[in-house]
């Protein structure tokens with residue numbers, strides 16, 4: 001391979017499609033013989049044909065898409081591990097058809113994602129980032145106008161997707177005396193929260209919605225015009241799932257018309273492009289897909305990646321498998 | 001309103017005059033607070049009881065309060081304030097003190113008949129408490145009405161500083177995401193050791209919330225709270241040495257002035273975060289700015305400053321700080337709660353019943 005340190009050929013080969021962060025790159029090099037397409041002058045399809053036909057293991061970083069075309073170039077592939085929780089960038093049906101096992105980040109990120117969702121909610125309701133901007137622009141000394149925030153404690157919060165992340169969001173918000181209800185693919189009889197089979201009903205009975213679910217064909221635009229209308233003028237929406245869970249154009253219209261009160265958005269339809277209308281709004285908080293990004297969980301993630309590949313190579317079940 | 005008689009109180013968080021008080025949301029777990037519209041007890045002349053003000057009522061409170069009380073407005077008189085007070089001293093038994101307007105020894109000495117001061121804040125460092133105690137004047141504060149909001153805000157500031165939410169928001173709005181890729185990683189909240197300074201009404205609520213995030217709670221307080229299973233430190237430096245985060249929620253007194261000083265910050269260490277929602281003077285601000293500038297500590301979330309509304313400009317360039325303008329308690333919901341508490345305390349006083357939120361000696 002071009003430009004890499006000498007690696008032992010006894011290490012099992014591992015294909016990556018995109019260059020990962022330095023920590024992962026150097027740590028993985030000690031365990032695997034890495035195939036690094038970004039270091040090659042060949043375009044990806046040519047690279048795969050030339051170098052990856054016997055590769056069994058693929059690590060997906062940065063949400064690089066895995067399509068049927070890519071799978072066609074990897075006839076020996078047996079296992080894909082993605083560094084994300086979401087798997088909407090991987091054609092799971094095609095993987096299943098070819099007997100390729102897929103593993104994700106399991107619950108490594110769940111605490112951090114839940115913390116972030118709550119942080120976004122407090123920020124939007126209590127206008128923390130807006131206040132920070134107000135001070136940095138020198139407006140406090142000028143006694144410029146600054147509308148009040150609104151209380152979090154005791155509010156009714158509707159969670160969409162009560163999985164690993166959603167259940168942790170619920171637990172945290174209970175400590176703020178919030179009333180939790182949820183919508184999920186299936187009702188969970190063991191949880192003490194009220195289940196709403198219909199997202200519009202969830203919206204009309206809550207002060208804020210937190211979107212924590214996976215993006216699938218069923219959940220695309222799960223937050224649409226009707227849901228936003230049901231949420232109402234005092235309602236807040238927080239999205240840490242995927243941009244396409246929300247009808248982004250409709251959300252922006254509602255925000256501009258004051259049909260909902262505010263939003264905290266970590267994900268967008270066309271990352272890293274964010275609709276410019278949002279930049280001037282004071283009732284939104286925006287971040288760059290950061291809900292799972294902490295220094296501390298990178299090590300946990302690395303250990304999970306290794307554990308999954310070790311399981312694969314030794315013929316035992318994956319640690320954090322995902323099915324179609 | 002004749003504001004020109006009043007000193008400009010720079011530390012007062014001024015409410016917008018368009019404040020609309022919201023009743024608590026339905027299904028809320030906190031007890032409903034309905035603004036009482038029953039006719040108040042009258043004094044001997046069949047008039048509503050008289051209450052002295054030292055600054056104008058919050059406009060949003062005026063209608064409700066005037067249903068129950070008459071108010072004496074010194075600034076509407078042509079007499080200088082102390083003469084006005086002395087002239088009316090015989091009628092003045094109660095004083096309603098909005099915001100941190102000072103009630104100092106010289107004001108108190110003009111009011112020999114004063115028996116009760118109702119304050120609208122949790123902190124009473126602006127009231128001469130020594131003199132009130134000496135004369136047996138009862139003082140009430142805001143009790144618990146702000147405590148949830150203050151605790152929520154402290155947690156929000158902490159998550160923001162650790163996870164860089166505001167910095168990320170600025171980053172995205174500046175259009176840098178497509179150019180530079182993601183904003184740099186933040187730090188995990190779960191598992192952090194959080195040292196709370198002042199485990200009172202607000203501090204204990206902060207503790208309860210952060211436990212749900214998997215934090216370990218430690219504390220320093222004037223007295224220990226044996227019913228709570230948190231580790232107690234009698235020395236703030238020792239607390240700082242064992243904490244990743246310090247959250248300052250205590251009252252400002254002579255003893256707590258600059259409680260967070262150079263030694264405490266050094267003990268907290270280079271990844272440490274300080275959150276202050278108490279009073280600016282609880283922290284040696286110059287020292288804090290120096291420690292942030294030099295990387296002696298890792299970050300700060302500050303709602304209060306030593307000389308509000310002036311904020312050290314160096315902080316504006318830092319991405320590891322989050323700043324706000326004395327907002328931790330400001331929601332329409334808590335102000336509804338405050339209004340009801342003020343009414344209830346004054347009515348209790350004039351009816352000869354126990355006060356609802358007296359400050360104990």
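With r as the distance between the Cβ atoms of residue A:324 and residue B:294 and R0 = 35 Å, compute the FRET efficiency 1/(1 + (r/R0)^6) and round to 0.05. It comes to 0.05. Determine the distance separating the Cα centre of segment B:164-222 from the Cα centre of segment B:310-361; give it in Å without decimals. Spelled out, the Cα-based centre of one part sits 22 Å from the other.
Could you work out the relative contact order of chain B? I mean the mean sequence separation of Cα pairs under 8 Å and 6+ apart, divided by the number of residues, in percent.
Numbers: 621 pairs, mean separation 62.5, N = 361.
It comes to 17 percent, rounded to a whole number.
Model label sites at residue A:257 and residue B:62, defined 7 Å from Cα along the beta-carbon direction, differ in position by 3.7 nm. For the pair residue A:29 and residue A:76, label points projected 7 Å from Cα toward Cβ lie 2.3 nm apart.
Work out how much length residue A:96 to residue A:270 would gain on full extension: take 0.36 nm times their residue separation and subtract the Cα-Cα distance, in nm to one decimal.
Numbers: separation 174, 0.36 × 174 = 62.64 nm, distance 2.75 nm.
Difference between extended and current length: 59.9 nm.
Segment A:169-186 to segment B:65-98: how many Å between their Cα centroids? Answer, in whole Å: 49. Stretching the chain fully between residue B:134 and residue B:270 yields a gain of 44.4 nm (0.36 nm per residue, less the alpha carbon separation).
Give me the Kirkwood hydrodynamic radius of the protein assembly as shown, using the inverse of the mean 1/r over all pairs of distinct Cα atoms, in Å to one decimal. Display every interim value, and only then the final one.
Numbers: mean 1/r = 0.0362 Å⁻¹.
Evaluated on the protein assembly as shown, it is 27.6 Å.
Fully extending the segment from residue A:22 to residue A:143, taken as 0.36 nm per residue of separation minus the present Cα-Cα distance, adds 38.9 nm.
Over all directions, what mean area does the Cα convex hull of segment A:249-302 project, stated in square nanometres? List each step's numbers first, then the result.
Working: hull surface 18.7 nm².
Quarter of the Cα hull surface area: 4.7 nm².
Rg then Dmax, both in Å and based on the Cα atoms of segment B:147-323: 15.8, 54. Report the relative contact order of segment B:147-323, percent, no decimals, based on alpha-carbon pairs under 8 angstrom and at least 6 residues apart. Value for segment B:147-323: 21 percent. Once divided by 2.2 N^0.38 Å, the Cα radius of gyration of segment A:110-286 becomes 1.00. For peptide B:303-311, the mean count of partner chain Cβ atoms within 10 Å of a residue's Cβ comes to 2. The GNM of chain B, with springs linking C-alpha atoms under 10 angstrom apart, assigns the highest mean-square fluctuation among B:99, B:301, B:191 to B:191.
Efficiency by 1/(1 + (r/R0)^6): what FRET value for residue B:263 and residue B:176, r their Cβ-Cβ distance, R0 = 51 Å, to the nearest 0.05? FRET efficiency, residue B:263 to residue B:176: 0.85.
When Cβ neighbours within 10 Å are restricted to other protein chains, what is their mean count per residue of peptide A:290-298? Let's see the in-between values first.
Values: counts 12, 2, 1, 10, 9, 6, 8, 3, 1.
Counting other chains' Cβ atoms within 10 Å and averaging over A:290-298 gives 6.
Across chain B the C-alpha pair distances fall into 20 Å bins from zero in the proportions 27, 53, 19, 1 percent.
For chain A, the orientation-averaged shadow of the C-alpha convex hull comes to 18.9 nm² (one quarter of the hull surface).
Quick check on the protein assembly as shown: helices-only [θ] at 222 nm, where DSSP H runs of length 4 and up contribute -39,500 (n - 2.57) each and the sum goes over total residues. Nearest 500, please. Show your work: numbers first, answer last.
On the way: 23 runs with 219 residues, N = 685.
So the calculated ellipticity at 222 nm is -9000 deg cm²/dmol.
For segment B:157-216, the percent of C-alpha pairs falling in each 10 Å distance bin, counted from 0 to the bin holding the largest distance, reads 20, 39, 23, 15, 2.
Values quoted throughout were computed directly from the atomic coordinates according to the rules given, and no laboratory measurement underlies them. Everything numeric here is computed off the predicted structure, so don't read it as measured data. We place every Cβ from the backbone using ideal geometry, glycine too, and count neighbours over all the protein chains shown.
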